[in-house]
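Engineer: This structure is in C-alpha coordinates; I'll ask about it shortly.
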Amino acid sequence: MNWLLVVLGAVIGAPLRYLTDRAVQSRYDSVFPWGTFTVNVAGCLTLGLLTGAAAEGAASSHLQLLLGTGLCGALTTYSTFSYETLRLAEAGAVRYAAVNVVASVAAGLGAAFAGTALADALWA
(Lines give C-alpha, C1' and ligand atoms only; values in the text may rest on other atoms or scores of the structure.)
Protein backbone atom coordinates (compact mmCIF):
# COMPACT_ATOMS: atom_id res chain seq x y z
CA MET A 1 0.00 0.00 0.00
CA ASN A 2 2.80 2.46 0.87
CA TRP A 3 4.46 2.17 -2.50
CA LEU A 4 1.17 3.05 -4.21
CA LEU A 5 1.09 6.35 -2.32
CA VAL A 6 4.63 7.13 -3.48
CA VAL A 7 3.74 6.23 -7.07
CA LEU A 8 0.58 8.35 -6.98
CA GLY A 9 2.51 11.34 -5.65
CA ALA A 10 5.19 10.88 -8.30
CA VAL A 11 2.55 10.60 -11.05
CA ILE A 12 1.43 14.09 -10.04
CA GLY A 13 4.87 15.53 -9.24
CA ALA A 14 6.74 14.61 -12.42
CA PRO A 15 4.34 16.24 -14.90
CA LEU A 16 3.93 19.18 -12.52
CA ARG A 17 7.71 19.66 -12.58
CA TYR A 18 7.86 19.53 -16.36
CA LEU A 19 4.89 21.85 -16.91
CA THR A 20 6.01 24.35 -14.27
CA ASP A 21 9.56 24.37 -15.63
CA ARG A 22 8.36 25.03 -19.17
CA ALA A 23 5.86 27.70 -18.09
CA VAL A 24 8.35 29.59 -15.94
CA GLN A 25 11.26 29.31 -18.37
CA SER A 26 9.13 30.54 -21.28
CA ARG A 27 8.49 33.79 -19.40
CA TYR A 28 12.17 34.66 -18.98
CA ASP A 29 14.61 35.42 -21.76
CA SER A 30 17.62 34.31 -19.75
CA VAL A 31 20.12 31.49 -19.65
CA PHE A 32 19.45 31.20 -15.91
CA PRO A 33 17.37 28.05 -15.20
CA TRP A 34 14.42 29.78 -13.53
CA GLY A 35 12.09 26.82 -14.07
CA THR A 36 14.26 24.35 -12.19
CA PHE A 37 14.96 26.95 -9.50
CA THR A 38 11.21 27.49 -9.05
CA VAL A 39 10.26 23.83 -8.75
CA ASN A 40 13.11 23.11 -6.35
CA VAL A 41 12.23 26.01 -4.04
CA ALA A 42 8.52 25.12 -4.19
CA GLY A 43 9.36 21.52 -3.33
CA CYS A 44 11.50 22.63 -0.37
CA LEU A 45 8.67 24.81 0.92
CA THR A 46 6.17 21.97 0.53
CA LEU A 47 8.45 19.47 2.23
CA GLY A 48 9.19 21.90 5.06
CA LEU A 49 5.46 22.47 5.60
CA LEU A 50 4.79 18.76 5.53
CA THR A 51 7.65 18.00 7.92
CA GLY A 52 6.45 20.69 10.31
CA ALA A 53 2.91 19.39 10.11
CA ALA A 54 4.11 15.85 10.84
CA ALA A 55 6.09 17.08 13.84
CA GLU A 56 2.91 18.69 15.18
CA GLY A 57 0.89 15.53 14.56
CA ALA A 58 -1.12 17.12 11.75
CA ALA A 59 0.21 14.93 8.90
CA SER A 60 -0.03 11.17 8.80
CA SER A 61 2.71 8.87 7.59
CA HIS A 62 0.54 8.14 4.54
CA LEU A 63 0.41 11.84 3.69
CA GLN A 64 4.17 12.03 4.13
CA LEU A 65 4.63 9.20 1.64
CA LEU A 66 2.18 10.71 -0.85
CA LEU A 67 3.36 14.31 -0.72
CA GLY A 68 6.87 14.12 0.69
CA THR A 69 8.39 11.09 -0.96
CA GLY A 70 6.15 10.89 -4.03
CA LEU A 71 5.16 14.42 -5.01
CA CYS A 72 8.22 16.32 -3.75
CA GLY A 73 10.58 13.56 -4.83
CA ALA A 74 9.33 13.82 -8.40
CA LEU A 75 8.79 17.59 -8.36
CA THR A 76 12.28 18.56 -7.26
CA THR A 77 15.35 17.66 -9.22
CA TYR A 78 18.94 17.72 -8.04
CA SER A 79 20.17 16.09 -11.24
CA THR A 80 18.71 18.79 -13.49
CA PHE A 81 20.03 21.49 -11.15
CA SER A 82 23.51 19.94 -11.40
CA TYR A 83 23.31 19.49 -15.17
CA GLU A 84 22.10 23.05 -15.79
CA THR A 85 24.79 24.46 -13.52
CA LEU A 86 27.46 22.50 -15.37
CA ARG A 87 26.09 23.63 -18.74
CA LEU A 88 26.18 27.27 -17.61
CA ALA A 89 29.81 26.93 -16.54
CA GLU A 90 30.77 25.15 -19.78
CA ALA A 91 29.10 27.88 -21.83
CA GLY A 92 31.18 30.52 -20.06
CA ALA A 93 28.34 31.79 -17.87
CA VAL A 94 30.32 31.09 -14.72
CA ARG A 95 28.64 33.86 -12.74
CA TYR A 96 25.21 32.46 -13.57
CA ALA A 97 26.43 29.01 -12.54
CA ALA A 98 27.71 30.34 -9.22
CA VAL A 99 24.52 32.32 -8.61
CA ASN A 100 22.48 29.21 -9.40
CA VAL A 101 24.34 27.18 -6.78
CA VAL A 102 24.28 29.82 -4.04
CA ALA A 103 20.73 31.00 -4.70
CA SER A 104 19.34 27.46 -5.01
CA VAL A 105 20.87 26.31 -1.73
CA ALA A 106 19.96 29.52 0.14
CA ALA A 107 16.41 29.72 -1.24
CA GLY A 108 15.82 25.99 -0.77
CA LEU A 109 16.94 26.06 2.86
CA GLY A 110 15.02 29.27 3.46
CA ALA A 111 11.88 27.78 1.95
CA ALA A 112 12.21 24.61 4.04
CA PHE A 113 12.62 26.66 7.23
CA ALA A 114 9.70 28.89 6.21
CA GLY A 115 7.55 25.81 5.65
CA THR A 116 8.32 24.40 9.08
CA ALA A 117 7.68 27.81 10.67
CA LEU A 118 4.36 28.08 8.85
CA ALA A 119 3.38 24.60 10.03
CA ASP A 120 4.34 25.53 13.57
CA ALA A 121 2.18 28.67 13.36
CA LEU A 122 -0.77 26.74 11.93
CA TRP A 123 -0.72 23.61 14.08
CA ALA A 124 1.14 24.41 17.30
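The values are calculated or read from the model by the stated rules, or taken from the named source; none is laboratory data. Because the structure is predicted, anything quoted here is derived from the model rather than measured. Note that we place each Cβ from the backbone using ideal geometry, even for glycine, and neighbour counts take in every protein chain shown. Each accessible area value is taken on the protein alone, full model and side chains, heavy atoms only, with ligands, DNA and RNA left out. Shrake-Rupley method; radii C 1.70, N 1.55, O 1.52, S 1.80 Å.
Engineer: Which angle between 0 and 90 degrees, to the nearest 10, do you get for helix 34-55 versus the longest principal axis of the chain when only C-alpha atoms count?
Structural biologist: With both axes taken from Cα atoms, the answer is about 20 degrees.
Engineer: May I ask for the angle, rounded to the nearest 10°, between helix 94-123 and the longest principal axis of the chain, with both axes built from Cα atoms and the value confined to 0 to 90°?
Structural biologist: With both axes taken from Cα atoms, the answer is about 20 degrees.
Engineer: Using 7 Å Cα-to-Cβ label points, what is the residue 2/residue 120 separation (nm, one decimal)?
Structural biologist: My value for the distance between the label points is 2.8 nm.
Engineer: Using just the helices of the chain, give the 222 nm mean residue ellipticity in deg cm²/dmol: DSSP H runs with n ≥ 4 each add -39,500 (n - 2.57), and the total is spread over all residues, rounded to 500.
Structural biologist: Helices in the chain give a 222 nm mean residue ellipticity of -25500 deg cm²/dmol.
Engineer: Relative to the longest principal Cα axis of the chain, at what angle does helix 2-26 sit, 0 to 90 degrees, rounded to 10?
Structural biologist: Between the helix axis and the principal axis of the chain, the angle is about 30 degrees.
Engineer: Okay, moving on. Starting from the Kirkwood Rh over alpha-carbon pairs, what translational D in µm² s⁻¹ does the stretch 68-124 have by Stokes-Einstein at 4 °C and 1.567 mPa s?
Structural biologist: In µm²/s, the coefficient is 99.
Engineer: So what are the three principal axis dimensions of the chain from its Cα atoms, in whole Å, longest to shortest?
Structural biologist: 48, 30, 22
Engineer: Would you mind working out the accessible area per residue for the chain, using a 1.4 Å probe, and quoting it in Å²? Mind dumping the intermediate values first?
Structural biologist: Values: 7320 Å² over 124 residues.
Solvent-accessible surface per residue comes out at 59 Å².
Engineer: Turning to a different aspect of this structure: Determine the principal axes of the Cα atoms in the stretch 1-53, then give the extent along each, sorted from largest to smallest and rounded to whole angstroms.
Structural biologist: So the three principal-axis extents are 44, 24, 11 Å.
Engineer: Name the residue from 10, 65, 80 whose Cα lies farthest towards the positive end of the charge dipole of the chain, charges +1 on Cβ of Lys and Arg and -1 on Cβ of Asp and Glu.
Structural biologist: Checked the options; the winner is 80.
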